[in-house]
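Have a look at the structure below before the remarks.
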Amino acid sequence: MPAEPDGAIETRGLEPVPDDERTGRVRELVPTWVAANISVLLLTMGAGLVIFNKLNLWQVLVVAVAAPVLSYGLVGLISIAGKRGGAPGMALSRAVFGQRGNLFPGTLIWIARWGWETINAVSGAYAVLTVLDLLFGVRSNTALIVVTLLLFVGCTFVVSGLGINALRVCSTWSTYLFGAFSVLVLGYLVVTTDWSAVFGKPAGSTAMMIAGIGTIAAGGISWVPSGPDFTRYLPRTASARGMVGATVGGAAVVVIPLVLMGAVMAVGTPDLASAQDPVSFIGELLPTWLAVPYLLIALVGMLLINSMSMYSAGFTAQTLGIRVPRAWAVSVNAAISLVFGFLLMVVATSFFGSFISFLTLLAVAFSAWIGVFGVDMLRRTAYDGRALLDTGRTSAYWYRGGYAWQAMTAWGLALVVGLLFTKVDWFAGPLASTWIGRNGLGWAAGIVTSAVLYAVLPRAAAAAPAGGGAPEAAGSADGREPAGSLSN
């Protein structure tokens, strides 16, 4: 395909990006992952650490630092596969699970994205409703909920449909604006907060602190399979360490202050984390001149989060055999988030409870894939671009009947193990009362189980491509040498 000019609609789908189009820069990952975390839900989650987990401010600080380092460290590491293969994460996953085998984790990850996009659509709609209430006194009703959801999801569809260039531009500007207004909010809180009450709060248990790390980290873990989607335009010479650092740094610069601000807000507003509406509290805590622009900028951020998720979901849909252009593949997720968003806003009785339950299960669902893909990436130096796109028996990644049984076995068992240790509002695994379960480490058990099992099982051999040749290309799809180590 010819090189696409800046600002054009991205038409490339699953096919690997040629080297002459890899014009991205590592530093562009910083605003990308800043934008992926611009959400007032982090304020609500910070409040939850104080109200439900009973943590004090110093424990919240530990959680706020550890969670992005852990979760976005994984995102950054898996992102290295994007510069090696030049293809989206779930397309590269075909090399690990086989052309048919990849349909199983791909379907689960695609469905999980429905929930993530629904949560963000609901948060965006609530932000619009709060602004309308603050400025014009317009109260929420069912018809207005439908209109705001349609507006939010429609804008998300447009941005994600335009592709990587639109996401880069929007991410950069939203980073500057949200950062500026967050500083203003932080300054307001410093002046108006009863700090004696904040620092006088007793410490909670270590178990609740560990569980809090898992809860905050779950949002980052959900981005792990998407990491390569945003690095496939990087040149093969891009620094792997720089990629990991930019990913962690971009996320941490947002997660840490927002979680801490939420914890501080919770001291004066103890019902913040249990509210049905997770956004309107901002209008109660901040003056209108600050609350309205802050919510509008946060609205843009939540729109970008959903756009990034739908951008990746379009690739995932294509790997599942939905044969439409990437820009239109995202429309399926847009329609689903509309329906589920309406149900969550109108029918559900507890937004926070539903949100935390979803995050917990989301982390478990993604963790089994992370362990398998991560171990495979450490073993592999290149991906055969032609084999990734060939979904028939002639593909080098067909393995045995279209399945890599080693990867499938490790993934399936790890998924079961993760669920055994997991407890949410409406589900509890039989091992949820153990130390691992009480500390909310079901997702960690899933990653360790899948990684260890896949590492000890015999490695699947890629078949020779049709017409002869090596089982797997020594370089990229165009025969060039890959960046074969983590240090490159």
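The values are calculated or read from the model by the stated rules, or taken from the named source; none is laboratory data. For clarity, every value in this text was computed on a predicted model and none was experimentally measured. When we count neighbours, we look across all protein chains shown, and the Cβ atoms used for this are built from the backbone with ideal geometry, even at glycine. Just the protein is used for accessible areas: all its heavy atoms, side chains included, with ligands, DNA and RNA removed. Shrake-Rupley method; radii C 1.70, N 1.55, O 1.52, S 1.80 Å.
Restricting attention to region 317-347 and to residues that are in a helix (DSSP H, G or I), among the β-branched types (Val, Ile, Thr) and under 28 Å from Ile145 (Cβ atoms), the residue that is modelled with the lowest pLDDT turns out to be Val330. Within 30 Å of Lys423 (Cβ to Cβ), open to solvent by 30 Å² or more (accessible area, probe 1.4 Å) and either of a type outside the set (Ser, Thr, Tyr) or in contact with a Pro (Cβ under 6 Å, 6 or more places away or on another chain) (or both), is that true of Pro202? Yes. Take the residues of region 261-284 that are modelled with pLDDT of 75 or more and closer than 15 Å to Ile51 by Cβ: which is most open to solvent (accessible area, probe 1.4 Å)? Among those that are modelled with pLDDT of 75 or more and closer than 15 Å to Ile51 by Cβ, it is Val267. Among the residues making up region 95-107, those that are touching a Leu at 6+ places or on another chain (Cβ under 8 Å) and open to solvent by 30 Å² or more (accessible area, probe 1.4 Å) are Leu103, Thr107. The set of residues from region 135-144 being open to solvent by 50 Å² or more (accessible area, probe 1.4 Å), aliphatic (A, V, I, L, M) and either modelled with pLDDT of 85 or more or within 30 Å of the chain's Cα centre (by Cα) (or both) comprises Leu135, Ala143.
Restricting to helices (runs of 4 or more DSSP H) lying wholly in region 190-303: which have 3 or more residues that are among the aliphatic types (A, V, I, L, M)? So that I can check it myself, show each step before the final result.
Working: elements: 195-199, 206-221, 240-268, 281-285.
The qualifying helices (runs of 4 or more DSSP H) are 206-221, 240-268.
Highlighted here are the helices (runs of 4 or more DSSP H) found entirely within region 370-464 that include at least 3 residues which are open to solvent by less than 70 Å² (accessible area, probe 1.4 Å) and either closer than 20 Å to Ile356 by Cα or in contact (Cβ under 8 Å) with a residue 60 or more places away in the chain (or both): 385-389, 405-420, 442-456.
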